[in-house]
Amino acid sequence: MNRKKQMSVIALTVIFALILTACGQKPVTKADDFVLKIGYTGSLCEAPVHMAVEKGFFAEEGLKVELIKLAPGTTFEAVTAGKIDAAFGLLASLMQPLSNGLPIKVTTGLHTGCDKVLVASDSGIKTLADLKGKRIGVPSMTSSPIIFAKRALADAGVGVSEKNMEVEFAVFNASDLPIALKNGSVDALAMNDPTAAVAQKEYGLFTLVDSALTEPYKHQYCCSAFVRDNIASDYPEIAAKYTRAMQKSSAWIQKNQDETAKIQVEKKWVAGDAAFNAAVLKTYNYIPSVKGAYDAFGITAKQLQQVGMLNSSVDVEALHKNSFIFFKDVQDTVQ
């Protein structure tokens, strides 16, 4: 194509864009046809993802999405492999992977709560300090429950660092944890909902600490929305739409826990009894907050480094700052 023809094509393109703008139509951008791949695992507290689909919050934002079901514990692998673009995650469980280069940005906090430390009601264990010298069952050594348990134990004066370990942690399949407690293989459990709430009800367990109800943890956001780094940098409008939709969904859940639980069970997002699930959801604060997530990250990251779950060489302040992205057209909260 000669230079004269090239200039004509460019001029026509500019004119066409101006005509669209003058008619009140936005020129087509590379984001208009983008389909955001959102990973989910089907957990109860992941309700903002489920309701954003069922109540139309993604559609309201004009966001095209593809929901991808993941096996528990595979979200980070899916992000790294480029299988998903966004997801819902426990803040505490993001920190170590982020320090090792997990390519994501947190965009907002979604709710508080969901981790518990439980003991048999007849165990004689009444406080966290009573767990010194005891064995605690956990679903994995990197899961949110063990992170929460270590934080709470450290706050109670119980050593949980490599240099001063005053408890023992033992890994069991999540469904086997209550049985391990019952047969004496462990003295306590660190679990998250809904399995924690189910075990608590079925076995009559006593709660030593509950991140949804116990001070100061009940004010700290545990779950958040995040996007892959390249989505934040190359498609910021898509990342902002995703964040707004998740915030709207969380705010709606805060006012409609019974309906949320009913929809989750009826639409097979999660298993269980809707009434029981609703009672669990009502212990969480689903008022979303960007600042809430940012503040909780800073508190938790420092504690994780103190107990040895973040390498001492990690610059916690830089990790804190670099793990978030803020959008001008995303509010701090929606109610």
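Expressed as a whole percentage, what fraction of the accessible surface of the chain belongs to carbon and sulfur atoms when a 1.4 Å probe is rolled over the protein heavy atoms?
53
Using 0.36 nm per residue of separation minus the Cα-Cα distance, give me the extension gain between ALA71 and ASN164 in nm, one decimal.
30.0 nm
Need one word for the range 30-83: rounded, prolate or oblate. Basis is the Cα gyration tensor (sqrt eigenvalues a ≥ b ≥ c); a/c below 1.5 gives rounded, then a/b vs b/c decides.
Oblate is the answer for the range 30-83, as a/c is 1.5 or above yet b/c matches or exceeds a/b.
Can you work out the accessible area per residue across the chain, with the rest of the protein chains kept in place, probe 1.4 Å, in square angstrom?
It amounts to 47 Å² per residue over the chain.
Could you give me the ³J(HN,Hα) list for the range 130-142, computed from phi with Karplus coefficients 6.51, -1.76, 1.60 and θ = phi - 60°, whole Hz, x at Gly and Pro?
5, 7, 4, x, 9, 10, 10, x, 9, x, 6, 7, 10
Determine the relative contact order of the chain: mean sequence separation of Cα pairs under 8 Å and six or more apart, normalised by residue count, in whole percent.
26
Which number gives the lysine pairs in the range 244-335 that have C-alpha atoms under 18 Å apart and are eight or more places apart or on different chains?
9
For VAL65, which sequence-distant residues (separation of 5 or more, or a different chain) have an amide H within less than 5 Å of its own amide H, given hydrogens modelled in the peptide plane?
Answer set, sorted by chain and number: LEU36.
Stretch THR142-ASP234 to full length: gain in nm at 0.36 nm per residue minus the Cα-Cα span?
Working: separation 92, 0.36 × 92 = 33.12 nm, distance 3.08 nm.
Extra length available between THR142 and ASP234 comes to 30.0 nm.
Just check the range 110-186 against the gyration tensor rule for me: Cα atoms, a ≥ b ≥ c as the square roots of the eigenvalues, rounded for a/c under 1.5, and otherwise prolate or oblate depending on whether a/b exceeds b/c.
In terms of gyration-tensor shape, rounded.
Residue farthest toward the positive end of the dipole of the chain, with Cβ of Lys/Arg at +1 and Asp/Glu at -1: which of GLY137, VAL119, CYS223?
Value: CYS223.
Taking 0.36 nm per residue of sequence separation and subtracting the Cα-Cα distance, how much length would be gained by fully extending the chain between THR207 and HIS219, in nm to one decimal? Before the final figure, lay out the partial values.
Working: separation 12, 0.36 × 12 = 4.32 nm, distance 1.79 nm.
Net length gain for the segment: 2.5 nm.
For the range 174-313, what does the alpha-carbon gyration tensor say about shape, rounded, prolate or oblate, given a ≥ b ≥ c as the root eigenvalues, a/c under 1.5 as rounded, and a/b over b/c as prolate? Display every interim value, and only then the final one.
On the way: a/c = 2.03, a/b = 1.22, b/c = 1.67.
Note, shape of the range 174-313 comes out oblate.
So what is the calculated 222 nm ellipticity per residue for the chain, using -39500 (n - 2.57) for each DSSP H run with n of 4 or more, over all residues, to the nearest 500 deg cm²/dmol? All intermediate terms of the calculation are to be shown ahead of the outcome.
Working: 14 runs with 142 residues, N = 335.
Mean residue ellipticity, 222 nm, calculated: -12500 deg cm²/dmol.
The values are calculated or read from the model by the stated rules, or taken from the named source; none is laboratory data. For clarity, every value in this text was computed on a predicted model and none was experimentally measured. Heads up, the Cβs are rebuilt from the backbone with ideal geometry, glycines too, and the neighbour counts pull from every protein chain shown. Surface accessibility is based on the protein's heavy atoms, side chains included, excluding ligands, DNA and RNA. Shrake-Rupley method; radii C 1.70, N 1.55, O 1.52, S 1.80 Å.
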